[in-house]
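Worksheet: one structure, shown below.
The values are calculated or read from the model by the stated rules, or taken from the named source; none is laboratory data. All of these numbers come straight from a predicted model, not from anything done at the bench. Cβ: placed from backbone, ideal geometry, glycine included. Neighbour counts: every protein chain shown. With ligands, DNA and RNA removed, areas are computed over all heavy atoms of the protein, side chains included. Shrake-Rupley method; radii C 1.70, N 1.55, O 1.52, S 1.80 Å.
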Amino acid sequence: GFRSFVWTAVSYQLKDRLKLSPSASQFVFSVSFFPWSIKPIYGILSDCIPIKGKKRIPYLVISTVMSLVPWLILGINASTRSSIWHLMILLTLQNLGSAMADVVVDAMIAEAVRFEKASFAGDLQSLSWLSMAFGGVCGSLLGGYALTNLEIDIIFLLFSILPAIQLFSCGLVEESSMGSEVLSDFSISSDSHHLNGKANDLDEDSSLEKKSNVSARKRNKSQKKSKKTQLTRRKAQTLSPGKGKSLPVLWFQSLKYATYNLCRAFKQPMILRPMAWFFLAHITVPNLSTVMFYYQTEFLKLEASFLGTVRVIGWLGLMLGTFTYNQYLKKMKLRRVLALTHIGLAFLNLFDVILVSRTNVVFGVSDKTLVLCGSALSDAVNQFKFMPFLILSGQLCPPGIEGTLFALFMSINNFGSTVGSFVGAGLASILNISSGSFDNLLLGINIQLFCTFIPVVLLFLIPKEATGIAS
């Protein structure tokens, strides 16, 4: 949540120091945040390839270093801040570290919940959301103040304190080592599970064909069990490190199995269709947030401290949206919730239409009031869209690969947002919307308003009876 402290400074660096157009600035952000779209890769790597016998802490250390070093370089070296390519590479590296750390911490939370009391899970998730919201409020407030009183290089250096603390905290976390024999066992159990799955399918077919003959069915089962045992033993002999299988081979087999399971689960229509909707809901609606940032700072002359307050209101709106959904909407059909959400977002787009057309001035409504209300309400309504995504993702995850598949769902959501930003940057470029030239911005917002209704037409992809309560 506190990342808003430094990314507000990045926005001003691109606009004021590098003099980038809105479309170019949005392109830089889209590329920089791409690492959040490939989160399953980090999950599979940390699950299948332990470093010195450990699966979490080494990856957390590596990711934290990648989060820390770019801010130090940007704070110390002025030439990296003044070069668009150097800046984009360092920001991408920083997001790579942050995304990897996010996946590792999610896995550690899942393991902690598994080994602790059942009630601990809800407390931990609530604490995570509360911490993120608190960090967002603090980061937004302090970010606006810092931009008013400090240089951008100082802001980068100040923010590097947080990943430095995170790096120090890695030494306070205990993790038991796993030997090569554990990895071998994992590969054996993976293959035997795959074999068992096939055998179980055969058992089901056999039971259907011979339902009237109980003794024959039992003989078939016993024969198949003995075959499975023999196959598993052969696999164990084949995969045993003592039989010539090196660690890289075992790593490859683990990666292959995890990837196969992930693809097999994701190809199921009940999973593929809802995820397709959430992806299409992002890419069919162009994201013009960076363009609006330029308009608010250059044309409306809104101060950095006020924009920090706007982000605080947005965080509070997000919390309000979460509360409202849990209290009043979670029993409603997801199709209806998502349809109402997009209708609400279309209505809130009218706030931008009023702002850009200057209609609010005619009725005596200040720009700041309109921006504050629009930010709070849009973040709250967007949460009505994100909460069903989280709930549906949890319902669709099959047991055994929940963490990796959920990371894939989140990556699809993030990648959709990235593509939506690219679409917004392309629209701004086509309409020749640039710094100081906002003549076609109203047309762009109207196009965005029209596109908001496209996902409503595609709601047939969402399961008809799905609600916000796990079945």
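Remarks
- Trypsin sites (Lys or Arg not before Pro) lying in DSSP loop within the stretch 1-79, provided at most 11 other Cβ fall within 10 Å: K19, K52
- For F347 and Y12, the FRET efficiency from 1/(1 + (r/R0)^6), where r spans their Cβ atoms and R0 equals 30 Å, is about 0.45.
- Using a Förster distance of 35 Å, the FRET efficiency for F450-E298 (Cβ separation, nearest 0.05): 0.85
- Spin-label model distance (nm) - Y145 vs M132, 7 Å beyond Cα toward Cβ: 2.5 nm
- Simple spin-label estimate for W251 and R336 in nanometres, 7 Å along Cα-Cβ: 5.2 nm
- Modelled this way, with points 7 Å down the Cα-to-C-beta line, the labels at I430 and K267 are 3.5 nm from one another.
- Rounded accessible area per residue of the stretch 1-82, 1.4 Å, Å²: 36 Å²
- Rg/Rg_ref, the stretch 263-322, where Rg_ref = 2.2 N^0.38 Å and atoms are Cα: 1.73
- In this view, the solvent-accessible surface of F168, computed with a 1.4 Å probe and all protein chains in place, comes to about 140 Å².
- Put simply, when 65-76, 26-37, 254-265 are sorted by average Cβ atoms within 10 angstrom per residue, most first, you get 26-37, 65-76, 254-265.
- Cβ-based charge dipole, the stretch 290-364, positive-most Cα from F299, G364, Q327: Q327
- If R0 is taken as 35 Å, the Cβ-Cβ distance between F168 and S83 corresponds to a FRET efficiency of 0.70.
- Solvent accessible area, Å² - L442, 1.4 Å probe, full protein context: 60 Å²
- Think of a 1.4 Å ball rolled over the protein heavy atoms: the stretch 309-443 then has 45 Å² of accessible area per residue.
- Principal axis dimensions, the stretch 1-109 - Cα atoms, whole angstrom, descending: 48, 27, 23
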